[in-house]
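Here's the structure we're looking at; comments come further down.
Values quoted throughout were computed directly from the atomic coordinates according to the rules given, and no laboratory measurement underlies them. Everything quoted here is computed from the prediction, not taken from an experiment. We place every Cβ from the backbone using ideal geometry, glycine too, and count neighbours over all the protein chains shown.
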Amino acid sequence: MRLTVIGTGYLGATHAAAMAELGHEVLGVDVDPAKVEALSSGRVPFFEPGLPELLSKHVESGRLRFTTDYDEAAAFANVHFVGVGTPQVKGSYAADVRYVDAAITELSRRVVGKHVVFGKSTVPVGTATRLQQLGSKIVAERGLEDTSIEVAWNPEFLREGFAVKDTLEPDRVVLGLQKPGAIVDGAGREVEASAEAILRECFAPILERNTPIIVTDTATAELVKVSANAFLATKISFINAVSEICESTGADVTTLADAIGMDARIGRRFLNAGLGFGGGCLPKDIRAFMARAGELGADQALTFLREVDAINMRRREKAVDLVKESFGGSLLGHTVTVLGAAFKPDSDDVRDSPALSIAGSLSLAGAAVVVHDPQAMETAKRVFPTLDYAPTIEDALRNTEMVVVATEWKQFREIDPVWAKDLVKRAAVLDGRNCLPSQEWSDAGWDVTCLGRG
Ligand code: UDX
């Protein structure tokens, strides 16, 4: 098939390369010429394991190209995926949908013939219906015969760090249609390829492996995505709330998580207590969900997400307080090393990163903060240029008075505490992700503080 992918950030670039891998001819579209230039030469402008290889493979095979030109996009294919960003609006909780609106507007101004658009971005419920009206109106104004645009929703559940695998081997495919069911004539025959048939063809190799597909209306499909992220955020904040109780009672949240996680109804995954969630999705998605509920007059339904957000932010404050306490209340004149800047390992993404937020708070409270991250140094420098960035773990540890492990990179989990102790001025560590072998660190002479572990 020929198809376009509009928006070539995390989601779009991965989707475009994955579609080429499935055998399709793909044109990636982005308004940012620098991004298009990088991707066209096989360079991924962010860190995602496995993606550079997949991208170069298909740029070289000729199955994958990139452009900034919407005329080319509308002429190239009748099937389009939209994976543009929906960031949080400044000064509000709502999602900014201007980029999805722009993608539909630009396409609708140019399409000739029947086109189907599959939205992949995470959007407030009701967006697909509104976009359908927007697209249909623009197309109608052009007065062309046999020209239409159909907007369906196909949410994406990929995790950063596993984006390629999650796209090629998803747990499930969800498709929301304006009118679920194929278009049939009076005799019950299918009269044209429905959006469902097109998506099934696009994803054929995935669906052949018995990957479940759920076909529903657009509102349900939109809600599946935000509900999934709200549930994951709630699960993390639940264990972090219990972690606060563990701190007051001397109980151990990790053992507790292991024990409750053995109940198959609960499950151990996403029960790692620590500094909480960050990134480009979970924080903004729960806020946008609350904002949308308010618009719908159903705000009470999601007020618990306010608490989920508050518990999450409290973990960051707690970490900063523990570092202060360790120095007797004041950070002035002290050096603190923060290991980690990315919001999670195997990523260079620092959006709403607990690690970078803690580094920033410690610095604002008067500490000299040294940061090291295996991948996120450049992205972190752009957000917080005033922190001191050390090129290696060794440089970051040398003469420091306290170490905060804020992102559970393998490189940090595997630090030899005996080796590290010889580098530092004061052997104190705060394990913000409960990821270190704490006994080994204590045995090596470190003063170890954990979150939620007595
Ligand atoms: C998330 C969803 O998992 C994914 O399905 C969706 O498509 C996009 O949002 P991602 O943002 O890549 O993916 O990160 P994820 O792996 O979910 O982690 C989110 C945050 O939660 C990270 O900051 C991580 O450190 C934190 N986390 C995760 C915990 O604090 N504890 C856990 O047990 C799990």
Spatially proximal lysines relative to Lys421 (Cα-Cα < 16 Å; intrachain offsets below 8 disregarded)
none
Whole-Å distance, taken between Cα centres, linking region 222-286 and region 90-155:
35
For the chain, which DSSP H helices look membrane-span-like by this rule: Cα extent along the axis of 24 Å or more and mean Kyte-Doolittle of at least 0.0?
218-249
Taking region 2-211 and dividing mean pair separation by its residue count, relative contact order in percent (alpha carbons under 8 Å, at least six apart):
18
So, for the Cα atoms of the chain, Rg and Dmax in Å stand at 24.3, 82
In region 2-211, taking the dipole from +1 charges on Lys and Arg beta carbons and -1 charges on Asp and Glu beta carbons about the Cα centre, the listed residue (Ile198, Val100, Val5) farthest towards the positive end is Val100
Violating pairs (Cα-Cα greater than 25 angstrom) within the set Lys179/Lys225; Lys90/Lys324; Lys90/Lys381; Lys165/Lys344; Lys137/Lys179:
Lys90/Lys324
Taking Cα pairs under 8 Å and at least six residues apart, what relative contact order does the chain come out at, in percent?
12
Magnitude of the Cβ-charge dipole of region 169-300, K/R +1 and D/E -1, about the Cα centre, nearest 20 debye?
80
Straight-distance crosslink candidates among aspartates and glutamates, where the alpha carbon sits under 12 Å from Lys410 and sequence neighbours closer than 8 are dropped
Asp346, Asp373
R0 = 30 Å: FRET efficiency of Leu22 with Arg413, Cβ-based, nearest 0.05?
0.30
Whether region 2-211 is rounded, prolate or oblate, judged on the alpha carbon gyration tensor where a/c under 1.5 counts as rounded
rounded
Sum of side-chain charges, Thr303 neighbourhood, beta-carbon under 13 Å (Lys, Arg +1; Asp, Glu -1)
-1
About the Cα centre of the chain, how large is the charge dipole given +1 on each Lys and Arg Cβ and -1 on each Asp and Glu Cβ? Please answer in debye to the nearest 20.
560
Among residues other than Ala77 whose Cβ falls under 11 Å from its Cβ, what is the net charge (Lys/Arg +1, Asp/Glu -1)?
-1
Under a crude label model (7 Å from the Cα following the beta-carbon direction), how far is Thr211 from Met1 in nanometres?
1.2
Rounded FRET efficiency, nearest 0.05, which uses the C-beta distance separating Glu145 from Glu378 and R0 of 60 Å:
0.70
Calculated [θ] (222 nm, deg cm²/dmol) that DSSP helices of n ≥ 4 give over the chain, each run adding -39,500 (n - 2.57):
-13500 deg cm²/dmol
How far is it, in nm, from the label point at Leu332 to the one at Glu72 when both lie 7 Å from their Cα along the line to the Cβ?
5.9
What relative contact order, as a whole-number percentage, does region 216-454 give when Cα pairs under 8 Å and 6 or more residues apart are counted?
21
Zone of Asp321's modelled label, taken as backbone nitrogen in region 327-346 under 15 Å from a point 7 Å along Cα→Cβ
327-330
Where the centre of each part is set by its Cα atoms, how far does region 25-74 sit from region 367-439, in angstrom?
35
Using the Cβ atoms and a cut-off under 11 Å, what net charge is assigned to the surroundings of Ser40, where Lys and Arg are +1 and Asp and Glu are -1?
+1
